[in-house]
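Asks: Below is a structure I'd like to ask you about.
The values are calculated or read from the model by the stated rules, or taken from the named source; none is laboratory data. Predicted model, so just to flag it, every value in this text is computed and none were measured. Backbone-built Cβ (ideal geometry, glycine too); neighbour counts: all protein chains shown.
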Amino acid sequence: MQQGKDITKAALCIQHGGIVGYPTEGVFGLGCDPLNSAALERLIDLKQRDSNKGLIIIAAHRKQLDPYIAAVDPAIEKRLNEFWPGPVTWILKSSATASALLTGNRSTVATRVTSHATAAELCIAAGHAIVSTSANLSGQPSCKDAQAVADCFGNQIDYLLDLPVGDLDNPTPIFDGATGKQLR
């Protein structure tokens, strides 16, 4: 595993099918290219995560989510614009081409336009949205710093972006885009 503060190196790693540990609004995340099935499978295996849970996709701006979500009703889009960019994840109807590994075999996908500067810069440098699942083994507490990620995953990830997490105390809240109901 490489470790450092180089967002460009982290982005290149993602572009080449790697898995990156990186800071988000409240915890460290693990990410990869959401269009790379091999990377998605590796990430799910690494976390020992049930593939039916699905994964979150984060973006630097709303347009980066377009390949993964179906057309959004204007009323829902208005609601999203009130919260994004920001530390709020929304469950939206997935596009027909979104991977079942992302959606957890559902017709929806978890999405966020991040307000965390490092995570947003990583999405911009990668040239697309990226997967954002908490850096931890499934069911265990989320890692809050780079050392905890290194201790948990070591050489199983390809690059660890050693920069600070945001001020959120926990992972982001999740809301259902259709109903507005808080799910987490």
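Asks: Find all pairs meeting these conditions: Cβ atoms under 7 angstrom apart; at least six residues apart or on different chains; first residue within the stretch 42-67 and small (Gly, Ala, Ser); second residue surrounded by fewer than 16 Cβ atoms within 10 Å (Cβ to Cβ).
Replies: Close Cβ pairs satisfying both conditions: 60/124.
Asks: A follow-up question, please. With (1) closer than 16 Å to residue 131 by Cβ; (2) assigned to a loop (DSSP other than H, G, I, E, B); (3) out of contact with any helix residue (DSSP H, G or I) (no Cβ under 7 Å at 6 or more places or on another chain); (4) not hydrophobic (A, V, I, L, M, F, W, C) as the list, and residue 33 as the residue in question, which single condition is left unmet?
Replies: Failed condition: (3).
Asks: Of 135, 146, which residue is more than 12 Å from the chain's Cα centre (by Cα), modelled with pLDDT of 95 or more, closer than 22 Å to residue 48 by Cα and crowded, with 20+ Cβ neighbours inside 10 Å?
Replies: Values: 135 fails: more than 12 Å from the chain's Cα centre (by Cα).
Result: 146 is the single residue among 135, 146 that is more than 12 Å from the chain's Cα centre (by Cα), modelled with pLDDT of 95 or more, closer than 22 Å to residue 48 by Cα and crowded, with 20+ Cβ neighbours inside 10 Å.
Asks: Condition (residue is within 24 Å of residue 148 (Cβ to Cβ) and either charged (D, E, K, R) or in a helix (DSSP H, G or I) (or both)) applied to the stretch 18-30: is it met by at least one residue?
Replies: Yes: one or more hits.
Let's see how each residue does on (1) closer than 18 Å to residue 35 by Cα; (2) out of contact with any Lys or Arg (no Cβ under 8 Å at 6 or more places or on another chain); (3) in contact (Cβ under 8 Å) with a residue 40 or more places away in the chain; (4) of a type in the set (Gly, Ala, Ser):
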{"site": "78", "(1), (2), (3), (4)": "no, yes, no, no"}
{"site": "91", "(1), (2), (3), (4)": "no, yes, yes, no"}
{"site": "111", "(1), (2), (3), (4)": "yes, yes, yes, no"}
{"site": "142", "(1), (2), (3), (4)": "no, yes, yes, yes"}
{"site": "150", "(1), (2), (3), (4)": "no, yes, yes, yes"}
{"site": "158", "(1), (2), (3), (4)": "yes, yes, yes, no"}
